[in-house]
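Since the structure comes first, as structure tokens, the remarks are kept for the end.
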Amino acid sequence: MTTFTILGRGKAGRALATAMGVDNLAHDARPEGWVVLAVPDHAIAALAEHFKNRCVHLSGSLNVPGVPCLHPLNSFDGSPRDWTGTPLALTGGPPAHLVEAFARVGFAPFELAPEHKALYHAAAVLTAGHAATLWLGAHERLEAAGVHLPGRGLWPLAEAALDNAQRLGRSGRTGPFARGDEATIERDADALDEPWRTIFLTLGRALDE
């Protein structure tokens, strides 16, 4: 079996290397053979020049002509997880042995055109980074007001809402924006400070544009 090295000891690099059983080296290492660049976007071009024709990168947004990409559509915390069915975006024709290594730990490969990478990554940020920001912001607003929810707090609501959206699409939306309850929307918005009031109103109406 062809081996490779994962360069970059961030959360993604550590998690993937552990799951795949390959070496995980710091970004300044210079290993032989194929290299997976698990490094920040700004470092990819220079490293790709050093590992010319024997590297791939993991950036979901950046397209580097001549450098293949595999982007695992997931949030990493440094440890392996169950990645079964997690999309793996392929751009620029990455070698089959690397695609197979990702597939063996659960990722589902699909082809992503270079011109769609930024949109694809923006959708990922909306789903992950922005969703986390909204959850944390809501939690912090309550905590600041002295409202301490018991049990799992807001988390069961978030899980149920996303599950409904996944199964039912737009018809799975609930709440005052979905039912057009303007009085409740106005009352809730007035309880929020900026920028959360604007975020609340803008996101609430985003699907109605």
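The values are calculated or read from the model by the stated rules, or taken from the named source; none is laboratory data. On a predicted model such as this, the values are computed, not experimentally measured, just so you know. Every residue, glycine among them, receives a Cβ derived from its backbone with ideal geometry; neighbour counts consider all protein chains shown.
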Listed by first then second residue, the pairs whose first member lies in segment 69-85 and is surrounded by fewer than 16 Cβ atoms within 10 Å (Cβ to Cβ), whose partner is of a type outside the set (Ser, Thr, Tyr) and assigned to a strand (DSSP E or B), with beta carbons under 8 Å and at least 6 positions apart or on separate chains, are Gly85/Ala108
Considering segment 7-50, residues that are farther than 21 Å from Thr86 by Cβ, touching a Pro at 6+ places or on another chain (Cβ under 9 Å) and in contact (Cβ under 8 Å) with a residue 24 or more places away in the chain, and then whichever is surrounded by the fewest Cβ atoms within 10 Å (Cβ to Cβ), we arrive at Trp34
Within segment 1-21, residues more than 18 Å from Asp41 (Cβ to Cβ), of a type in the set (A, V, I, L, M, F, W, C) and outside any helix (DSSP H, G or I) come out as Met1, Phe4
For segment 105-124 the number of residues that are of a type in the set (A, V, I, L, M), surrounded by 14 or more Cβ atoms within 10 Å (Cβ to Cβ) and either more than 16 Å from the chain's Cα centre (by Cα) or part of a helix (DSSP H, G or I) (or both) is 2
Counting only residues in segment 165-183 that are in a helix (DSSP H, G or I) and within 14 Å of Arg205 (Cβ to Cβ), the one nearest to the chain's Cα centre (by Cα) is identified as Arg170
Note: among Ala178, Ala191, just one is of a type in the set (A, V, I, L, M, F, W, C), out of contact with any helix residue (DSSP H, G or I) (no Cβ under 8 Å at 6 or more places or on another chain) and more than 19 Å from Ala145 (Cα to Cα), namely Ala178
Residue set Val99, Val67, Val35, Val56; condition over 25 Å from Gly129 (Cα atoms), assigned to a strand (DSSP E or B) and over 16 Å from the mean Cα position of the chain (by Cα); output residue Val35
The one condition Leu149 fails out of (1) touching a Leu at 6+ places or on another chain (Cβ under 8 Å); (2) in a helix (DSSP H, G or I) is (2)
Going through (1) assigned to a strand (DSSP E or B); (2) within 25 Å of Ala118 (Cα to Cα) one by one, Asn24 fails only at (2)
When you scan segment 51-65, do you find a residue that is under 14 Å from Gly10 (Cβ atoms) and loosely packed, with under 14 Cβ neighbours inside 10 Å, even just one? no
Leu62 meets each of (1) outside any helix (DSSP H, G or I); (2) in contact with a strand residue (DSSP E or B) (Cβ under 7 Å, 6 or more places away or on another chain); (3) among the hydrophobic types (A, V, I, L, M, F, W, C) with one exception, condition (2)
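Residue by residue, here is whether (1) outside the structural domain of Ala15 (by TED's automatic domain parsing); (2) within 29 Å of Asp41 (Cα to Cα); (3) surrounded by 15 or more Cβ atoms within 10 Å (Cβ to Cβ); (4) not charged (D, E, K, R) holds:
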| position | (1), (2), (3), (4) |
| --- | --- |
| Ala103 | no, yes, no, yes |
| Thr127 | yes, yes, no, yes |
| Ala138 | yes, no, yes, yes |
| Ala145 | yes, no, no, yes |
| Gly204 | yes, no, yes, yes |
Could you go through segment 87-94 and let me know if any residue there is among the aliphatic types (A, V, I, L, M), crowded, with 19+ Cβ neighbours inside 10 Å, touching a helix residue (DSSP H, G or I) at 6+ places or on another chain (Cβ under 7 Å) and not in a strand (DSSP E or B). no
